[in-house]
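The block underneath contains the structure these notes are about, expressed in structure tokens.
The values are calculated or read from the model by the stated rules, or taken from the named source; none is laboratory data. Since we're looking at a predicted model, the values are computed, not measured. All Cβ positions, even for glycine, are placed from backbone atoms using ideal geometry, and neighbour counts span all protein chains on display.
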Amino acid sequence: MSKTEFEFTDDVKYLKGVGPTKAKSLSKINISNMYDLLTHYPRAYEDWSNITPIINLLDNESVVIVGTLSRPEKIITRTGLTIIKATLDDGTGKISLNWFNQDYLMTKLREGMRLVVIGKVKVEGLFGNATMSQIKSFSILDEGEVPQLGVMPIYPSTGTLTQGFFRTAIKNLLNKMPTLKEILPQDLLDELQLISLDTAARAIHFPADRIQLDEARRRLAFDELFLIQCGLMMIKRQATEESLGVAHKKNGNLVKQVLEGLPFKLTKDQKKTFAAVAKDMESETPMRRLIQGDVGSGKTAVAMLALVKAVENGYQGAFMAPTEILAAQHYEKFSKQLTGLGIRIGLLSSKVTASKKKKEEIYKKIAEHEVDILIGTHAIIQEGVTFANLGLVVTDEQHRFGVSQRSSLEKKSAILPDMLVMTATPIPRTMVLTVYGDLDVSLIKELPPGRKPVQTFVRGVKSREKVYSFVHDEILKGRQAYVVCPLIERSESEKLSNVDPATEMYEMFRLGTFRDVNCALLHGKMKPREKDEIMEKFRAGEIDLLVSTTVVEVGVDVPNATVMVVENAERFGLAQLHQLRGRVGRGAESSYCILISDGKAEHSKERLNAMKTISDGFKLADIDLKLRGPGQFFGEAQHGLPDLKIADVFRDVEILVAANDAAKKFIDDEKKLEYFAALKKNLALAYGDKFQQITEA
């Protein structure tokens with residue numbers, strides 16, 4: 001590397017100790033530049049502060065020892081217990097090591113390796129024979145690596161990338177890296193008692209002690225949440241404050257007619273949400289609102305009223321659904337409810353655009369305002385679709401689209417249209433601030449009156465025959481049912497497992513229990529048109545039993561479907577199980593969700609018991625977050641937002657709230673404008689094109 005200046009965007013291969021080969025391995029875990037490596041945070045830490053010589057070991061003492069491994073061997077006892085035995089020698093003495101039922105260690109442990117081992121020892125006999133059978137953890141040292149006293153990082157790793165490699169590479173990076181400049185004002189650091197960014201970035205890898213580690217983690221978690229909050233708020237400000245939107249008039253006669261013509265009365269939550277939407281639409285500031293409602297809570301009715309309000313004011317509305325069959329279903333419902341009022345409804349999907357003539361016809365109608373409300377899939381945002389006067393955009397199932405696609409739809413109009421986003425994915429309260437920081441949020445928790453709760457049962461595999469006998473009886477009564485499996489087919493690694501793939505279950509049903517009814521198979525490897533045809537037949541009642549993977553999670557409304565059976569239910573998260581349960585219970589008949597599982601893990605049992613006793617999706621989402629952690633929640637909740645590297649929105653609720661408050665003050669304070677350039681730079685560095693619309697502004 002010819003240049004001497006340090007840049008975080010520099011390729012990691014130029015770092016001492018890395019090189020092209022290791023850089024290729026690093027790319028597999030999404031590390032390509034210096035910043036990626038710096039923010040490859042340890043997954044755990046081991047305290048190597050007090051390394052004890054083997055000669056000084058005391059009975060029943062928890063210790064850290066370092067030595068050379070010899071004679072690793074696998075022993076199988078008469079009872080079938082597997083023991084991996086080895087000896088560790090540190091020059092002052094030897095200790096026997098025992099690992100129980102960990103066969104895989106024979107592929108890791110080699111004669112002559114140097115290890116750091118942490119655990120409790122047993123010292124007995126006249127000569128003080130030492131054994132460690134309660135091994136808490138161990139680390140393999142690289143050749144020539146000298147263990148250092150202190151709190152040592154343990155990194156997420158893969159393939160040939162060892163802990164020693166990461167420690168050495170990151171030490172080299174920290175030595176090369178200049179003192180990091182602050183991105184936060186000093187008054188904010190003082191107020192929240194945060195340590196400096198430079199200290200935190202170094203201490204998170206090699207802390208002096210546990211106290212400094214906690215301080216470093218708190219600072220970096222705050223920065224991560226603060227950056228995302230600021231990014232989302234800047235998007236919102238750019239979309240609302242810097243552009244004038246559509247100022248609609250108060251609700252008029254057309255909205256009144258639709259309200260009076262609804263086959264049901266709005267719930268209190270629906271009324272409250274529509275009032276908030278109407279108020280937003282009547283402001284010159286473009287609406288940016290999320291309607292978060294449980295399955296079947298009536299979000300679509302509120303969206304329809306908002307679209308009618310736009311039409312009443314002389315504007316067009318667009319409603320974007322995630323699948324063709326859902327778009328067709330919304331089109332049918334809207335047409336039935338609105339066409340008699342003179343509102344012109346259009347449908348745009350790949351089926352329509354497959355015909356050049358039909359495509360040109362619908363494009364022309366949209367451009368000449370012969371369509372008032374356009375319902376469609378992502379085909380709406382394709383090139384060639386031009387609206388005459390787009391005033392409101394509604395996106396259904398927000399996590400299927402994301403920020404960039406919303407932005408594409410907004411650009412379809414000369415004016416900035418109002419934006420309404422709907423999701424049936426219950427977002428835990430602690431996540432809403434972060435996931436939807438660029439939107440105002442309305443909750444619809446109340447279910448429409450008369451809707452019967454779905455009865456939920458957990459059954460073991462031994463009860464499967466009884467379960468499917470019950471399902472068969474329901475079908476003979478004229479009902480329909482779903483059976484959902486976690487996999488399409490059995491992979492090599494799953495051959496000996498107790499998982500039940502959809503393809504095998506379908507064949508078993510078709511030739512056995514359900515041979516006298518119409519069965520069909522649905523999964524993600526099928527072509528979109530084939531999937532739509534199967535779902536359409538199921539909706540029309542031509543299919544009695546649908547065996548599927550989770551592709552039915554966001555499905556169509558089939559009021560006649562009364563049973564949802566989920567195989568290997570322990571393999572699903574609570575939010576996903578709740579979404580699947582929401583496929584039934586949409587008609588007047590009693591409905592059932594049966595979770596089949598022989599999962600032995602405590603957290604699996606806890607999840608399934610929660611499903612049995614709780615029907616509130618928001619409560620389940622909170623439990624799911626506690627049990628599973630935030631993990632990839634951003635990816636599930638709002639496609640396009642980054643996953644968190646160090647913050648944990650469940651554990652760090654206080655930090656999240658502080659970051660949210662600080663971001664609001666920061667964005668609104670003109671005196672802080674000097675920090676905006678650094679803020680944008682860090683957003684671009686940390687999240688690439690996720691916040692492109694503001695980092696390039």
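Identify all residues within region 66-81 that are touching a Ser or Thr at 6+ places or on another chain (Cβ under 6 Å) and surrounded by 11 or more Cβ atoms within 10 Å (Cβ to Cβ); write none if there are none.
If the condition is that a residue be touching a Ser or Thr at 6+ places or on another chain (Cβ under 6 Å) and surrounded by 11 or more Cβ atoms within 10 Å (Cβ to Cβ), then S70 is the only one that fits.
When residues of region 446-471 are filtered for being over 18 Å from M611 (Cα atoms) and among the polar types (S, T, N, Q), how many remain?
2
Scan region 502-513 and report the pairs whose first residue is at pLDDT below 90 and whose second residue is assigned to a helix (DSSP H, G or I), with Cβ atoms within less than 7 Å and a gap of 6+ or a chain change.
If the second residue must be assigned to a helix (DSSP H, G or I), the pairs left are T513/Y468; T513/H472.
State which residue is nearest to A44 (Cα to Cα) when the search covers only region 192-221 and only residues that are among the aliphatic types (A, V, I, L, M) and not in a helix (DSSP H, G or I).
The initial filter retains those residues of region 192-221 that are among the aliphatic types (A, V, I, L, M), namely 192, 194-195, 197, 200-201, 203-204, 208, 211, 213, 216, 220-221.
Next cut, not in a helix (DSSP H, G or I) only: 194-195, 204, 208.
On the way: L194: 22, I195: 21, I204: 11, A208: 15 Å.
Only one residue tops the list, namely I204.
Tell me, which helices (runs of 4 or more DSSP H) lie completely within region 600-651 with 1 or more residues that are at pLDDT 75 or above and in contact with a helix residue (DSSP H, G or I) (Cβ under 8 Å, 6 or more places away or on another chain)?
Working: elements: 602-613, 617-628, 633-637.
Output list reads 602-613, 617-628.
Tell me which residues, restricted to region 537-548, are in a helix (DSSP H, G or I) and over 24 Å from D294 (Cα atoms).
K537
In region 291-331, which residues are assigned to a strand (DSSP E or B) and at pLDDT 85 or above?
Within region 291-331, I291, Q316, G317, A318, F319, M320 meet the criteria.
Looking only at region 264-275, decide whether some residue is at pLDDT 85 or above, under 21 Å from L443 (Cβ atoms) and of a type in the set (A, V, I, L, M). Break it down stepwise before answering.
Applying the first criterion (at pLDDT 85 or above) to region 264-275 yields 265-275.
From what's left, under 21 Å from L443 (Cβ atoms): 265-275.
Add one more test, that the residue is of a type in the set (A, V, I, L, M), and what stays is 266, 275.
Scanning region 264-275 turns up at least one residue that is at pLDDT 85 or above, under 21 Å from L443 (Cβ atoms) and of a type in the set (A, V, I, L, M).
From the list Y41, Y45, Y14, which one is farther than 28 Å from D214 by Cβ and in contact (Cβ under 8 Å) with a residue 12 or more places away in the chain?
Answer to the check: Y14.
Using beta carbons and a limit of 8 Å, which pairs, at least six apart or on different chains, have the first residue in region 82-94 and surrounded by fewer than 14 Cβ atoms within 10 Å (Cβ to Cβ) and the second one part of a loop (DSSP other than H, G, I, E, B)?
From residues that are surrounded by fewer than 14 Cβ atoms within 10 Å (Cβ to Cβ), the pairs are T92/P53.
Determine whether region 83-104 contains at least one residue that is within 20 Å of S49 (Cα to Cα) and among the hydroxyl-bearing types (S, T, Y).
Checked region 83-104: at least one residue is within 20 Å of S49 (Cα to Cα) and among the hydroxyl-bearing types (S, T, Y).
Would you confirm, using the coordinates I've provided, whether K527 is free of Cβ contacts under 8 Å to residues at least 40 places away in the same chain, among the charged types (D, E, K, R) and closer than 16 Å to V556 by Cα?
Criteria not met by K527.
Testing D544 on (1) within 18 Å of G478 (Cβ to Cβ); (2) at pLDDT below 85; (3) not hydroxyl-bearing (S, T, Y), one condition comes back false. Which one is that?
Status for D544: all satisfied but (2).
Hey, can you tell me all the residues within region 37-68 that are part of a helix (DSSP H, G or I) and either at pLDDT below 90 or out of contact with any helix residue (DSSP H, G or I) (no Cβ under 7 Å at 6 or more places or on another chain) (or both)?
I54, I55, N56
Being crowded, with 22+ Cβ neighbours inside 10 Å, assigned to a loop (DSSP other than H, G, I, E, B) and touching a Cys at 6+ places or on another chain (Cβ under 7 Å) is the filter here, so list the residues in region 549-592 that pass it.
If the condition is that a residue be crowded, with 22+ Cβ neighbours inside 10 Å, assigned to a loop (DSSP other than H, G, I, E, B) and touching a Cys at 6+ places or on another chain (Cβ under 7 Å), then E567, V584 are the ones that fit.
Tell me, please, whether a residue that is within 29 Å of P453 (Cα to Cα) and of a type in the set (F, W, Y) can be found in region 362-370.
No, because not a single residue in region 362-370 is within 29 Å of P453 (Cα to Cα) and of a type in the set (F, W, Y).
In region 265-320, what count of residues is obtained for those that are among the basic types (K, R) and surrounded by 20 or more Cβ atoms within 10 Å (Cβ to Cβ)?
Applying the first criterion (among the basic types (K, R)) to region 265-320 yields 265, 268, 271-272, 279, 288-289, 299, 309.
Now narrow it down to the ones that are surrounded by 20 or more Cβ atoms within 10 Å (Cβ to Cβ): 288-289, 299, 309.
The total comes to 4.
Can you tell me which residue in region 527-536 is nearest to the chain's Cα centre (by Cα), limited to those that are among the basic types (K, R) and either surrounded by 13 or more Cβ atoms within 10 Å (Cβ to Cβ) or in a helix (DSSP H, G or I) (or both)?
Residue satisfying both the conditions and the ranking: K531.
Would you pick out the residues in region 559-615 that are within 13 Å of V295 (Cβ to Cβ), among the polar types (S, T, N, Q) and free of Cβ contacts under 8 Å to residues at least 60 places away in the same chain?
If the condition is that a residue be within 13 Å of V295 (Cβ to Cβ), among the polar types (S, T, N, Q) and free of Cβ contacts under 8 Å to residues at least 60 places away in the same chain, then Q576 is the only one that fits.
Can you tell me which condition F165 does not meet? The list is (1) outside the structural domain of A659 (by TED's automatic domain parsing); (2) buried (at least 19 other Cβ atoms within 10 Å of the Cβ); (3) outside any helix (DSSP H, G or I); (4) not aliphatic (A, V, I, L, M), and all the others hold.
Tallying (1) outside the structural domain of A659 (by TED's automatic domain parsing); (2) buried (at least 19 other Cβ atoms within 10 Å of the Cβ); (3) outside any helix (DSSP H, G or I); (4) not aliphatic (A, V, I, L, M), F165 fails exactly one: (3).
From the list K445, K462, pick out the single residue that is in contact with a helix residue (DSSP H, G or I) (Cβ under 9 Å, 6 or more places away or on another chain) and among the basic types (K, R).
From the options K445, K462, the qualifying one is K445.
Considering each residue of region 99-155, count those that are in a loop (DSSP other than H, G, I, E, B) and over 19 Å from D59 (Cα atoms), and give that number.
18
List pairs: first in region 23-37 and among the basic types (K, R), second loosely packed, with under 14 Cβ neighbours inside 10 Å, Cβ under 9 Å, 6+ apart or cross-chain?
Between residues of region 23-37 that are among the basic types (K, R) and residues that are loosely packed, with under 14 Cβ neighbours inside 10 Å, the close pairs are K28/T158; K28/G159.
Here is a check on your reading of the model: is S27 touching a Ser or Thr at 6+ places or on another chain (Cβ under 9 Å) and surrounded by 12 or more Cβ atoms within 10 Å (Cβ to Cβ)?
No; evaluated as a whole, the condition is false for this residue.
Name, by its number, the condition in (1) buried (at least 17 other Cβ atoms within 10 Å of the Cβ); (2) in contact with a Gly (Cβ under 8 Å, 6 or more places away or on another chain) that does not hold for N172.
N172 satisfies every listed condition except (1).
Residues checked against (1) assigned by TED's automatic domain parsing to the domain that holds E312; (2) in contact (Cβ under 8 Å) with a residue 40 or more places away in the chain; (3) among the polar types (S, T, N, Q):
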| residue | (1), (2), (3) |
| --- | --- |
| E332 | yes, no, no |
| L338 | yes, yes, no |
| G342 | yes, no, no |
| L348 | yes, no, no |
| V352 | yes, no, no |
| S355 | yes, no, yes |
| K358 | yes, no, no |
| K365 | yes, no, no |
| D372 | yes, yes, no |
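I need the full set of residues from region 95-127 which are loosely packed, with under 13 Cβ neighbours inside 10 Å and without any contact (Cβ under 8 Å) to a residue 40 or more places away in the chain, in order please.
Within region 95-127, F100, N101, D103, Y104, T107, K108, G125, L126, F127 meet the criteria.
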